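Student: What follows is a single structure, and I will ask about it in a moment.
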Amino acid sequence: MANSAVAKRQFVRFSRLQRILHICMIVSFMSLALTGLTLKFSYTKWAAVLSHLLGGFENAGYIHRTAAVVMFGVFVTHLVDLYKLKKREHGTWRALLLGPGSMTMNRRDLTEFVGTLKWFVGRGPRPAYGRWTYWEKFDYFAVFWGIAVIGSTGLTLWFPVFFTRFLPGWLLNVTTIIHSDEALLATGFIFTVHFFNTHLRPEKFPMDITVFTGRMPLEELERDKPREYEELVASGKLEEKMEEAYQPIVTQTIRAFAWAALAVGFSIVLWIIYAMLFAYR
Amino acid sequence: MRIVAPLVATAFLLLIAKRPGRAAGAAADPPGAECLACHGDKTMTTTRAGKTVSLYVDGKKFSGSVHAGFGCTGCHADLQGKDLPHDAPLKPVDCGTCHSTEKEQHARSLHGKAIAHGDPLAPRCVNCHGNHDIVPVKDPRSAVAALKVPFVCGGCHREGTPVSRNRLIPQANILENYSESIHGEALLKKGLAVAPNCATCHTPHLILPHTDPASSINRKNIAATCTKCHSQIETVHQKIIRGELWEKQANVLPACVDCHQPHKIRNVFYSQGMANADCMHCHADEKLLRARDGKSMYVSVGEVSHSRHNKIACSQCHSEVNASRVRPCETISRGVDCTSCHDEIGKQYTASIHGQLNGKNDPNAPTCKECHGTHGILGKQDPQSSTFAVNVPGLCARCHREGQKAAVRYTGLQHEIIGNYTESIHGTLLKNGLTVTATCTSCHTAHQILPRSDPASSVNANNVPDTCGKCHHGIEEQFENSIHAKRVSGYSKPLPVCNDCHTAHSIHRTDENSFRLNVMATCGRCHEKITETYFDTYHGKVSKLGYTKAAKCYDCHGAHDVLAVTDPRSHLSRANVAATCGKCHAGANRRFAGYLTHATHHDPSKYPFLFYTFWGMTALLLVTFVVGGAHTLLWLPRAFQMRRELRAAEAKFAAELEKPADKKEDTNA
C-alpha cells in the first residue's frame, strides 16, 4: 500500500455499462422527478416557477415522457446485460440468482441485517459484508419495483384513450394516485436514504464516486467489504480486477456532476418537505 | 274654431238655399222664362268699357243651378217690379244679400281689401264661383269643387300670371309645388276629395297674409289649421317635438311649416323666424362679451354652417326672441332647451343619473352641451363629432377617467374604467377603427344612463344579457336557455350574467391565456367545492401551472349553453360526454369519459377507491421512510466513529509519509 505504483491501481467494482446506465438513470430520474413534482405540487409557487423554467408545462410533459423512455431503456438494457452475464459467468438463471455475488436476498443478508443492528447499538462488531450489502440489494430491487409500479401507471396516464378501451375511466384516477405517491416515495427515498447509504455516510463524506468511476481504492474495499476482499485474495483473482485509477481531471468532472445531482436531489427533498408541511391539500 | 265656424255656417246656408229650389221644382213655370226670352239668345251682347260682353244666359244650366228657385230677380234685385226689357246696365249682383258671413269675411280678406283699394286683379265672388251655373260645392260640377279649387286659385296664383308677376307673394311655384306635394298628389292624382286643397288651409273666404295674427296660416295658428285633419299629430311627433307645447306654448316650438314646407310638404326643412343675419349683426363680433359675467358671446358663422343644425335658425333654439325689439334677444329669459325638439331624448336624459343630478343643480352634472357641444354640434355619424363612436370613450373619460370629477365621487367597484376599456377587446377593436364595436354608450346607452343598481338601467343585472345581446344575439339566445338563466333554473339567488364572467370594462377575448387561466377562479366564485376538486385532478393541476390547452370549465360544460349534467342536452350528458372528451382526446369512448375530472381522495363516501388507494400509498410511504430513516439514524453514530478512526489512521499514515496529499486524495475518494 505504501507503494505509489500499487496505490494508483484500484479495484474495479462496476463495469463501464453499469456506470453509464447509472448516469442515464440519474439524469432521467432527476428529470422525471422535477417535471412530475411540478404537477404533483402544482398549487405551490415553487411548482409554477419551476414549470416556467422548464419551458412551460407542455415542455415539462415532453421532458417527462422522454425521460421515461430513457428509464425504460436503462431497465431493458440492464436486463439484457443480466442475460449476457448469465451466459458468460453463470450458465443458468438459477446460478445467477442464487450464486455468490448475486443481488437476490438470501439468509446471509438476514444475518448481516441483524448483525448490523447489533453493531449500531454497540452489541457486536461491524459485520463482514460481502460484494453486495442488504441495503444495496434493497435499493436495487426498489428500482425494479418502482419501474414496474410507476412505469405501468405512467403508461395508463400517457395513453388513457388506449387503456380505457378495456379499463374503466375511474381507474385512471387510481393510477394517478399510485403513480404520484409511488414517485414521491422513490424521490424521497433516493434523495435521503440512498444518498446517505452510499454517498453521504460520514466516513465517505462528501461523496463516494465509485459508482461513476467504477473503481475504489483497495484499502477501502478491504475496510468496507472485508469478506469480498478476503474471498478475492483467497481465490487469487484480486489482481485481475485491478485497473489504473482515473486522472484527477476525470474525477473532478465526475465530482462536479455528482455535486449537481446532489444539489438537485436535496432541493427536491426540501421542496417536498415544504409542500407537504406548509402547502399540502 | 275661428276657421270651422264659417264653414259650418256655409254648409247651413247651402241647406237652406236648397229649399226654395225644391219649391221651384214643384212649380210648372221654368224659372226666369221671361228673361230668357231675350237672354236665351246666344248672340246677345253689350259693350262695356270698350269690350264686347256676351249677355247670353244658358237657361238649362240656370235651371239646374242652386239658385234657380230664386228666379233672375232673386239676385238681380234691381229688376224687381221693373218692366221688361229693362234698362241696361244692371247693378252688380250682391251675393252678400244672402251670403252675409262670406261677404263679411271676403271683405276682411286679402282679396276683399284689394278690391277696396281698387285692385283690378282682385277676385270677386263670381271669379271663383261663376254666376248662373252655381251648383252646391259638393257637386263635382261646381267651380269650387275640391278637385277644382287648386286650379281656381291657380288661375291667378301660378307662375306667369299677372298676379304672380305684379303682386308680392312670398311663395313661388305654388300650384306646381302643391300638385307634387303629398296633399296635391292625393287630391289630384289619386282623387282623394278630402285631401286638403288651397281653401282647407287658407280658408275659402277669409284669406289673410301669414303675418296677420288672424290668418289661418299665421305661425300661431298653423298648428290648429293642420290639426283640423292631422288630429293627434302630437302623439306621432313625440320623439321629435314635445307635442303638447303646440297648444300651450306654440312660440317655443317650431311650427308645422318650419319642418314641412308649405305647398311642398315632404319633410323638407325650411328656415324661418328671425333672420340669422339679425343675430350675427352683433354676435359675429369676436370681442362681444356678456355684460353680466364677461363670457364671450361670439358665434362663429363657420362653425354653425358646418354643424348639424346649419338649417336651423338661431331663433329656433334661442327661442323667446322678439324681432320687434332693437335687441331681439333681450326678451330671452332662459337658455336653450334642446328638448323642445328632442323631446324623447329629453325625457330619457331627465330620468338618467346625469339628468337627476342636473335636476338637483349638481355642478358636476353634464347637460346636452357638455357632450354634444353648442353651435358646432355634429351628428354621431360624423367622424369629427364628439359623439362619433371612436370619440365616445374619450368623451366620457373627461369625467369618468380616474381622478376626474365623476370618478372621484364614484363609490362602486369599477376602477380604471377608461384604461381597462381601452385595453379590452372592445377598446382594441375601436382603436383599430371598427366603429360598430361597443363603446360606453352601447352598453350604458347615450341618454338613459343609470347606475346598475337601478332596475331600469341597461347595465342592471337583469338587463345585462339584453344589453350585450344587442350585438351578441346568438350568445344571448344560448344563455337564455342555459342553467344560468333564471327562467331555466328557477333559482332565486342572483345568477351570473355576462359581466360576472367577462367583467364589465376589461373584457378580453376568451381565447386569450389570461381568460382561460382565470376562468376557474371566475366559476369558482360560486362553484367553490367543485372547482377545488378540479384542481386535484390532471386538468386542474396543469392549468395551475399555466397550461392553457388543458380543459377548462367551459370546454366541458359549455360556455353560454351550460346546463345541468343531468340534462340530456348538456355537453356532459350520457349521450354527449364521449364526444365532448373527444374534442381533445381523439378516440375517447364512454369508458374514457368515466375518468373523474373532479375527484378528490379526501372523500371516502363518494370516492372510496381513491380514498383507500391514497391511504394505502401513504401507509407504504410512511413505513418505508420510518424503516429507512431509522436505519440511517441508527447508523450515524457508528459512521462518525468510523470517520474518526479513519482520519486518525490517515493522520498517522501521513506523518510517516513525505507526500501526504496524494494519499489523502485517494482515501477521500
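The values are calculated or read from the model by the stated rules, or taken from the named source; none is laboratory data. Just so it is clear, the model here is predicted, and its values are computed rather than measured. Please note: Cβ atoms are built from the backbone with ideal geometry, for glycine as well, and neighbour counts cover all protein chains shown.
Student: Select from segment A:201-237 the residues that are surrounded by fewer than 17 Cβ atoms within 10 Å (Cβ to Cβ) and in a loop (DSSP other than H, G, I, E, B) and list them in ascending order.
Tutor: Matches in segment A:201-237: A:Phe205, A:Pro206, A:Gly236, A:Lys237.
Student: Given the condition under 26 Å from B:Leu622 (Cα atoms) and without any contact (Cβ under 8 Å) to a residue 12 or more places away in the chain, answer yes or no: does some residue in segment A:161-172 qualify?
Tutor: Checking segment A:161-172: at least one residue is under 26 Å from B:Leu622 (Cα atoms) and without any contact (Cβ under 8 Å) to a residue 12 or more places away in the chain.
Student: Is it true that A:Pro168 is over 22 Å from A:Ile20 (Cα atoms), within 9 Å of another protein chain (Cβ to nearest Cβ) and in contact with a Leu (Cβ under 9 Å, 6 or more places away or on another chain)?
Tutor: no
Student: Applying the selection to segment A:187-207, what residues are facing chain B (nearest Cβ under 8 Å) and modelled with pLDDT of 85 or more?
Tutor: A:Gly188, A:Phe189, A:Thr192, A:Val193, A:Phe196
Student: Yes or no: segment B:543-554 includes at least one residue that is more than 10 Å from chain A (Cβ to nearest Cβ) and either of a type in the set (S, T, N, Q) or assigned to a loop (DSSP other than H, G, I, E, B) (or both).
Tutor: yes
Student: Looking at (1) within 29 Å of A:Gly151 (Cα to Cα); (2) within 12 Å of chain B (Cβ to nearest Cβ); (3) buried (at least 18 other Cβ atoms within 10 Å of the Cβ); (4) aliphatic (A, V, I, L, M), which one does A:Val269 not meet, given that it meets all the others?
Tutor: All conditions pass for A:Val269, except number (3).
Student: Let me ask something additional. If you take just the helices (runs of 4 or more DSSP H) that sit entirely in segment A:36-149, which of them hold at least 2 residues that are under 30 Å from B:Gly546 (Cα atoms) and within 14 Å of chain B (Cβ to nearest Cβ)?
Tutor: By residue number, A:45-53, A:56-85.
Student: Only one of B:Asp293, B:Asp258 is under 24 Å from the mean Cα position of the chain (by Cα) and modelled with pLDDT under 90; which?
Tutor: Answer to the selection: B:Asp258.
Student: Also, quick follow-up: Among the residues of segment B:605-619, count how many are farther than 12 Å from A:Asn173 by Cα and not in a helix (DSSP H, G or I).
Tutor: 2
Student: Next question. Condition first: β-branched (Val, Ile, Thr) and within 26 Å of B:Lys347 (Cα to Cα). Can you find one or more residues in segment B:402-415 that meet it?
Tutor: No: segment B:402-415 contains no residue that is β-branched (Val, Ile, Thr) and within 26 Å of B:Lys347 (Cα to Cα).
Student: Also, quick follow-up: Are there helices (runs of 4 or more DSSP H) fully within segment B:145-222 with at least 3 residues that are among the hydroxyl-bearing types (Ser, Thr, Tyr) and in the same structural domain as B:Cys125 (by TED's automatic domain parsing)? List them.
Tutor: Where helices (runs of 4 or more DSSP H) fall fully within segment B:145-222, none carries at least 3 residues being among the hydroxyl-bearing types (Ser, Thr, Tyr) and in the same structural domain as B:Cys125 (by TED's automatic domain parsing).
Student: Take B:Asp87 and decide whether it is more than 24 Å from B:Pro136 (Cα to Cα) and in a helix (DSSP H, G or I).
Tutor: no
Student: Within segment B:587-601, which residues are within 60 Å of the chain's Cα centre (by Cα) and assigned to a loop (DSSP other than H, G, I, E, B)?
Tutor: Hits for segment B:587-601 are B:Gly587, B:Ala588, B:Asn589, B:Arg590, B:Arg591, B:Tyr595, B:Leu596, B:Thr597, B:His598, B:Ala599, B:Thr600.
Student: How many residues, within segment B:598-617, are over 18 Å from A:Glu182 (Cα atoms), at the interface with chain A (Cβ under 9 Å from one of its Cβ atoms) and among the hydroxyl-bearing types (Ser, Thr, Tyr)?
Tutor: 1
Student: Checking the condition at pLDDT 90 or above and over 20 Å from A:Ile23 (Cβ atoms), which residue from A:Leu232, A:Leu238 passes?
Tutor: After applying the criteria, what remains is A:Leu232.
Student: Also, I was wondering about something else. With respect to B:Thr531, determine if the residue is under 26 Å from B:Asn481 (Cα atoms), within 14 Å of chain A (Cβ to nearest Cβ) and in contact with a Cys (Cβ under 7 Å, 6 or more places away or on another chain).
Tutor: Here the answer is yes, as B:Thr531 does meet what is asked.
Student: So, in segment B:187-206, of the ones that are among the hydrophobic types (A, V, I, L, M, F, W, C) and out of contact with any helix residue (DSSP H, G or I) (no Cβ under 6 Å at 6 or more places or on another chain), which residue ends up surrounded by the most Cβ atoms within 10 Å (Cβ to Cβ)?
Tutor: Within segment B:187-206, the match that is surrounded by the most Cβ atoms within 10 Å (Cβ to Cβ) is B:Leu187.
Student: Which condition does A:Asp181 not pass, out of (1) more than 10 Å from every other protein chain (Cβ to nearest Cβ); (2) farther than 25 Å from A:Thr116 by Cβ; (3) over 15 Å from the mean Cα position of the chain (by Cα), if it passes all the others?
Tutor: Only one criterion in (1) more than 10 Å from every other protein chain (Cβ to nearest Cβ); (2) farther than 25 Å from A:Thr116 by Cβ; (3) over 15 Å from the mean Cα position of the chain (by Cα) is unmet by A:Asp181, namely (1).
Student: Moving on. Anything in segment B:36-63 that is part of a helix (DSSP H, G or I) and over 19 Å from B:Cys125 (Cβ atoms)? List them, or say none.
Tutor: Hits for segment B:36-63 are B:Leu36, B:Ala37, B:Cys38, B:His39, B:Gly59, B:Lys60, B:Ser63.
Yes/no per residue for (1) buried (at least 17 other Cβ atoms within 10 Å of the Cβ); (2) more than 24 Å from A:Lys40 (Cα to Cα); (3) over 40 Å from the mean Cα position of the chain (by Cα); (4) not aliphatic (A, V, I, L, M):
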residue: B:His502; (1), (2), (3), (4): yes, yes, no, yes
residue: B:Ser506; (1), (2), (3), (4): yes, yes, no, yes
residue: B:Met520; (1), (2), (3), (4): yes, no, yes, no
residue: B:His527; (1), (2), (3), (4): no, no, yes, yes
residue: B:Glu532; (1), (2), (3), (4): no, no, yes, yes
residue: B:Gly540; (1), (2), (3), (4): yes, no, yes, yes
residue: B:Lys549; (1), (2), (3), (4): no, no, yes, yes
residue: B:Ala564; (1), (2), (3), (4): no, yes, yes, no
residue: B:Arg569; (1), (2), (3), (4): no, yes, yes, yes
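Student: Okay, moving on. Let me confirm something: among B:Val149, B:Val144, which residue is touching a residue at least 60 places away in the same chain (Cβ under 8 Å) and aliphatic (A, V, I, L, M)?
Tutor: From the options B:Val149, B:Val144, the qualifying one is B:Val144.
Student: I'd like to verify a number: residues in segment B:577-586 that are surrounded by 17 or more Cβ atoms within 10 Å (Cβ to Cβ) and assigned to a loop (DSSP other than H, G, I, E, B), how many?
Tutor: 1
Student: Within segment B:622-634, does at least one residue satisfy the condition of being loosely packed, with under 14 Cβ neighbours inside 10 Å, more than 7 Å from chain A (Cβ to nearest Cβ) and in a loop (DSSP other than H, G, I, E, B)?
Tutor: There is no residue in segment B:622-634 that is loosely packed, with under 14 Cβ neighbours inside 10 Å, more than 7 Å from chain A (Cβ to nearest Cβ) and in a loop (DSSP other than H, G, I, E, B).
Student: Any residue at all in segment A:148-164 that is among the aliphatic types (A, V, I, L, M) and in contact with a Leu (Cβ under 7 Å, 6 or more places away or on another chain)?
Tutor: Yes; the residues of segment A:148-164 include at least one that is among the aliphatic types (A, V, I, L, M) and in contact with a Leu (Cβ under 7 Å, 6 or more places away or on another chain).
Student: Then there's this: Can you go through A:Val161, A:Val174 and tell me which one is in contact with a helix residue (DSSP H, G or I) (Cβ under 9 Å, 6 or more places away or on another chain), surrounded by fewer than 18 Cβ atoms within 10 Å (Cβ to Cβ), in a helix (DSSP H, G or I) and within 7 Å of another protein chain (Cβ to nearest Cβ)?
Tutor: Step by step, each of A:Val161, A:Val174 is checked, and only A:Val161 is in contact with a helix residue (DSSP H, G or I) (Cβ under 9 Å, 6 or more places away or on another chain), surrounded by fewer than 18 Cβ atoms within 10 Å (Cβ to Cβ), in a helix (DSSP H, G or I) and within 7 Å of another protein chain (Cβ to nearest Cβ).
Student: Here are the criteria: (1) more than 14 Å from chain A (Cβ to nearest Cβ); (2) more than 30 Å from A:Ala279 (Cβ to Cβ); (3) not aromatic (Phe, Trp, Tyr). Tell me which single one B:His557 does not satisfy.
Tutor: Just one mismatch for B:His557, condition (2).
Student: Let me ask something additional. Suppose we filter segment B:587-597 for residues that are over 17 Å from A:Ser180 (Cβ atoms) and more than 7 Å from chain A (Cβ to nearest Cβ); how many remain?
Tutor: The qualifying residues number 1.
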